[in-house]
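Visitor: Take a look at this one; I'll ask things after.
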Amino acid sequence: MSIREKNGDKEIILSQKEILQKEKTSLLFQNKEKQEAEIQNLKQQLYAKEQQLNNHINAVDSTNASVEFDLEGYILSANKNFLEIMGYSKIDLIGKHHSLLVDPAYSKSNAYQLFWNNLKKGIYQKDEFIRVAKNGSMIWFFGSYNLIFDTMGKPYKILKIATDITLAKTQFLQLAVQAQEKEKRASELIIANEELAFQNTEKEKRAAELIIANKELKFQNTEKEKRAAELIIANKELKFQNTEKEKRAAELIIANKELKFQNEQKEKRASELIIANKELAFQNKEKEKRAAELIIANKELKFQNEQKEKRAKELIVANKELAIQSKEKEKRAAELIIANKKLASENILKEKRKVEKQKRAAELKVKNLELAFQEKRTHELTLANNELKKAQEELESFSYSVSHDLRAPIRAINGYTQILVEDHTDLIDEDGKKVLQSIINNSKKMGILIDDLLSFSKLGRKEVSSTNINMTALLNGVISEITIEKGENTPIFEIDELDHANGDPSLIKQVWVNLISNAIKYSKYKPETRIKITSTSKKDQIIYSIKDWGAGFDMAYYDKLFGVFQRLHSQDEFIGTGIGLAIVQKIVNRHYGTVWAESKLDAGANFYFSLPNIKL
């Protein structure tokens, strides 16, 4: 670059290289501006495309269900529509395999593996799919599985876009079922038409048979008319031939019998016609029922029926004419028929009287048998009552014998032993004294056993009265009278308000005495004796309960619990005769109740007894 002056002005002269450099710089600047404009234009286009893509995505999300999977079938995401349709949450699905959404049997099949292999190969999958919702229901989708490619053109995930068509599919299946029902109904209509055609054929046959029958009746009437003409001629001849009257009368009787036989035949034919008419009426009713489904067919059948009814009316008219002719003929034989009816009515009356006599005789015979059976039963009951009375008398004498005869030797043994202990104590060593004391104790025990046995036997003979019992007051009286033996704890009672019951107060009191005494006795080795007594009222019974926390018993031996002289504990551990619970059971049974128990060894026992809940 050089500078020169021209006419006092300075002028810059550029070299060729500088000119080229300047032009190059200018071109670069222009290209840069152009590129920036193109980049800006591309950004705007990209933004528009992104907006368009977002609009498409929002439209798909608002109307369709969409799910994204990786190439192995594991769920990456699911839109709101898909979650609502299937009933899942995102936590339920994200990371789970596609097989969760299909039938378990299909997920294990070769067809399912082929489905995924084709997707991985890029084969487009579009069809109706059925999927299993969270609640187990089947959901129908119409949609497609599409591979999504990265910038390098490689597939990296699968997008499923689908529409819920369950309602449409269900309606389509319902329409298919309805179409099948219509086809079935059409086949039934065809069968019904065939049956109607068969019935019409049968009716035509029956009509032909009626026509033949009418022809036969017409022929018979013609014959009857001929016979009538012959009878008229015969009657005219009878006027002049008195000597031939008897012979002709016999011929008239024979002719009347033939007329009667023919009339019976006509009545049979008439009854057959009536039956045929009833059958026609029944078939018409059946046709009316079918008319709702066979409207077009019924119109044709109606026309045919009208024709048949016309023919039937014609037949009825013909029958009426025949009946009129028959009546004319019957008038002539009326005298003979009346005579026959009188004879028949007299025979019927005789038969009725005979039947009534036989019936009365049979009734008298039945009554006599019943009286004989009742007398026999009364005699048997009298014998049974006498035997029962004898057995009770024998039982009372046995009780008296036990009460007096057995007690006397026991008192003697006890008395003599007591004399030895008191008067000859110096002559007896310690072992002898122990033996004597054992004799005294056992004789006392024997006396108690006899007393308990007598009490048990008396329960069967004692009459049970029935009054309203204030059970709480009765129980408080029993508790106040109970004595505590040496070595037994003073009991602590927990008593609820008890329901009233109906029964014998003295016997129910004995039940409470025995149960409470047992509860105290079998709690003697516990730190304290607690007894809880409650009652429960049900529909038809009142249940009383007495619970203790004593020794209890093993339920394996429950069947021996209420037996006479049956004991579940040793005499050394707990004294007793083994008859107390047997007495309880017998008293409760005589009140039409039940007694039972529940227990666990060394954990106490709970005894229950029920009495009828009688509302007075």
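The values are calculated or read from the model by the stated rules, or taken from the named source; none is laboratory data. Small disclaimer: the values here were computed from a predicted structure and weren't measured. Glycine also receives a Cβ, built like all others from the backbone with ideal geometry; neighbour counts cover every protein chain displayed. Accessible surface areas use protein heavy atoms only, side chains included; no ligands, DNA or RNA. Shrake-Rupley method; radii C 1.70, N 1.55, O 1.52, S 1.80 Å.
Visitor: Within the stretch 156-202, track down each residue that is among the basic types (Lys, Arg), open to solvent by less than 60 Å² (accessible area, probe 1.4 Å) and without any contact (Cβ under 8 Å) to a residue 60 or more places away in the chain. Don't jump to the end; show me each part of the working.
Guide: To start, the set of residues in the stretch 156-202 that are among the basic types (Lys, Arg) comprises 157, 160, 169, 182, 184-185.
Now restrict to residues that are open to solvent by less than 60 Å² (accessible area, probe 1.4 Å): 157, 160, 169.
Listed by number, the list holds a single entry, LYS169.
Visitor: Among the residues of the stretch 133-147, is there at least one that is among the aromatic types (Phe, Trp, Tyr), open to solvent by less than 50 Å² (accessible area, probe 1.4 Å), closer than 22 Å to LYS90 by Cα and touching a Ser or Thr at 6+ places or on another chain (Cβ under 9 Å)?
Guide: In the first step, residues of the stretch 133-147 are kept if they are among the aromatic types (Phe, Trp, Tyr); the result is 140-142, 145.
Of the ones still in play, those that are also open to solvent by less than 50 Å² (accessible area, probe 1.4 Å) are 141, 145.
From what is left, the residues that are closer than 22 Å to LYS90 by Cα are 141, 145.
Checking which are touching a Ser or Thr at 6+ places or on another chain (Cβ under 9 Å) leaves us with 141.
Checking the stretch 133-147: at least one residue is among the aromatic types (Phe, Trp, Tyr), open to solvent by less than 50 Å² (accessible area, probe 1.4 Å), closer than 22 Å to LYS90 by Cα and touching a Ser or Thr at 6+ places or on another chain (Cβ under 9 Å).
Visitor: From the list GLU330, GLU356, which one is part of a helix (DSSP H, G or I), surrounded by 10 or more Cβ atoms within 10 Å (Cβ to Cβ) and at pLDDT below 75?
Guide: Details: GLU356 fails: at pLDDT below 75.
After applying the criteria, what remains is GLU330.
Visitor: With the structure loaded, tell me whether LEU210 is in a helix (DSSP H, G or I) and open to solvent by 100 Å² or more (accessible area, probe 1.4 Å) or whether it fails that test. Break it down stepwise before answering.
Guide: Values: in a helix (DSSP H, G or I): yes; open to solvent by 100 Å² or more (accessible area, probe 1.4 Å): no.
The answer is no for LEU210.
Visitor: Quickly run through the stretch 149-166 and pick out the residues that are of a type in the set (Ser, Thr, Tyr) and over 45 Å from the mean Cα position of the chain (by Cα). I'd like the intermediate steps shown before the answer.
Guide: Narrowing the stretch 149-166 to residues of a type in the set (Ser, Thr, Tyr): 151, 156, 163, 166.
Within the stretch 149-166, THR151, TYR156 meet the criteria.
Table: residues versus (1) open to solvent by 30 Å² or more (accessible area, probe 1.4 Å); (2) in contact with a strand residue (DSSP E or B) (Cβ under 6 Å, 6 or more places away or on another chain); (3) among the small types (Gly, Ala, Ser); (4) not in a helix (DSSP H, G or I).
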residue: ILE479; (1), (2), (3), (4): yes, no, no, no
residue: GLU488; (1), (2), (3), (4): yes, no, no, yes
residue: GLU497; (1), (2), (3), (4): yes, no, no, yes
residue: GLN510; (1), (2), (3), (4): yes, no, no, no
residue: ILE516; (1), (2), (3), (4): no, no, no, no
residue: ALA519; (1), (2), (3), (4): no, yes, yes, no
residue: ILE533; (1), (2), (3), (4): no, yes, no, yes
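Visitor: Enumerate the pairs (first residue in the stretch 505-530 and touching a residue at least 60 places away in the same chain (Cβ under 8 Å) and within 11 Å of ALA551 (Cα to Cα); second residue anywhere and part of a helix (DSSP H, G or I) and open to solvent by 10 Å² or more (accessible area, probe 1.4 Å)) with beta-carbon separation below 8 Å, excluding pairs fewer than 6 apart on the same chain, so at least 6 apart or on different chains.
Guide: Every condition considered, the pairs that remain are ASN518/GLY580; ASN518/LEU581.
Visitor: Would you mind telling me which numbered condition in (1) modelled with pLDDT under 85; (2) touching a strand residue (DSSP E or B) at 6+ places or on another chain (Cβ under 6 Å); (3) part of a strand (DSSP E or B) LYS169 fails?
Guide: The single condition LYS169 does not satisfy is (3).
Visitor: If GLU528 meets every condition in (1) closer than 20 Å to ILE587 by Cβ; (2) open to solvent by 50 Å² or more (accessible area, probe 1.4 Å) apart from one, which number is that one?
Guide: (1)
Visitor: Confirm whether LEU210 is at pLDDT 80 or above and closer than 21 Å to GLU288 by Cβ. I'd like the intermediate steps shown before the answer.
Guide: Details: at pLDDT 80 or above: yes; closer than 21 Å to GLU288 by Cβ: no.
Taking the combined requirement at face value, the residue does not satisfy it.
Visitor: Shifting gears a bit: Identify the single condition in (1) modelled with pLDDT of 80 or more; (2) surrounded by 12 or more Cβ atoms within 10 Å (Cβ to Cβ); (3) farther than 30 Å from LEU119 by Cα that PHE240 does not satisfy, given that it satisfies every other one.
Guide: Every listed condition holds for PHE240 apart from (2).
Visitor: Additional query: With the requirement that a residue be at pLDDT below 85, open to solvent by 50 Å² or more (accessible area, probe 1.4 Å) and either part of a helix (DSSP H, G or I) or in contact with a His (Cβ under 7 Å, 6 or more places away or on another chain) (or both), what does the stretch 90-103 give you?
Guide: Selection gives LYS90, LEU100.
Visitor: Additional query: Given the criteria in contact with a helix residue (DSSP H, G or I) (Cβ under 9 Å, 6 or more places away or on another chain), closer than 19 Å to ILE158 by Cβ and exposed (fewer than 15 other Cβ atoms within 10 Å of the Cβ), does SER77 qualify?
Guide: Details: in contact with a helix residue (DSSP H, G or I) (Cβ under 9 Å, 6 or more places away or on another chain): yes; closer than 19 Å to ILE158 by Cβ: yes; exposed (fewer than 15 other Cβ atoms within 10 Å of the Cβ): yes.
Yes.
Visitor: For the stretch 104-114, what are the residues that are open to solvent by 20 Å² or more (accessible area, probe 1.4 Å) and in a helix (DSSP H, G or I)? Give the derivation first.
Guide: Step one: list which residues in the stretch 104-114 are open to solvent by 20 Å² or more (accessible area, probe 1.4 Å), which gives 104-111, 113-114.
PRO104, ALA105, TYR106, SER107, ASN110, ALA111, GLN113, LEU114, listed by residue number.
Visitor: Another question, then. Could you look through the stretch 556-605, keep only residues that are at positive phi and either crowded, with 20+ Cβ neighbours inside 10 Å or in contact with a Gly (Cβ under 7 Å, 6 or more places away or on another chain) (or both), and pick out the one that is modelled with the lowest pLDDT?
Guide: Let us first name the residues in the stretch 556-605 that are at positive phi, namely 565, 576, 578, 592, 602, 604.
Then drop every residue that is not either crowded, with 20+ Cβ neighbours inside 10 Å or in contact with a Gly (Cβ under 7 Å, 6 or more places away or on another chain) (or both), which leaves 565, 602, 604.
Numbers: PHE565: 58, ASP602: 84, GLY604: 89.
Taking the candidates together, the pick is PHE565.
Visitor: Another question about this same structure. Looking at LYS245, LYS287, LYS226, LYS268, can you tell me which residue is modelled with pLDDT of 80 or more and surrounded by 10 or more Cβ atoms within 10 Å (Cβ to Cβ)? Walk me through it before giving the result.
Guide: Working: LYS245 fails: modelled with pLDDT of 80 or more; LYS287 fails: modelled with pLDDT of 80 or more; LYS268 fails: modelled with pLDDT of 80 or more.
Within the list LYS245, LYS287, LYS226, LYS268, the selection yields LYS226.
Visitor: Same structure, new question: Being of a type in the set (Asp, Glu) and modelled with pLDDT under 70 is the filter here; which residues of the stretch 18-33 pass it?
Guide: The initial filter retains those residues of the stretch 18-33 that are of a type in the set (Asp, Glu), namely 18, 23, 33.
The answer is GLU18, GLU23.
Visitor: OK, next. Could you tell me whether any residue of the stretch 182-199 is assigned to a helix (DSSP H, G or I), at pLDDT below 85 and more than 45 Å from the chain's Cα centre (by Cα)?
Guide: Scanning the stretch 182-199 turns up at least one residue that is assigned to a helix (DSSP H, G or I), at pLDDT below 85 and more than 45 Å from the chain's Cα centre (by Cα).
Visitor: Within the set of pairs 6 or more residues apart or between chains, which connect a residue that is under 10 Å from VAL511 (Cα atoms) inside the stretch 582-602 to a residue that is open to solvent by less than 10 Å² (accessible area, probe 1.4 Å) and modelled with pLDDT of 85 or more with Cβ atoms less than 6 Å apart?
Guide: VAL584/VAL511; ILE587/VAL511; VAL588/PHE609
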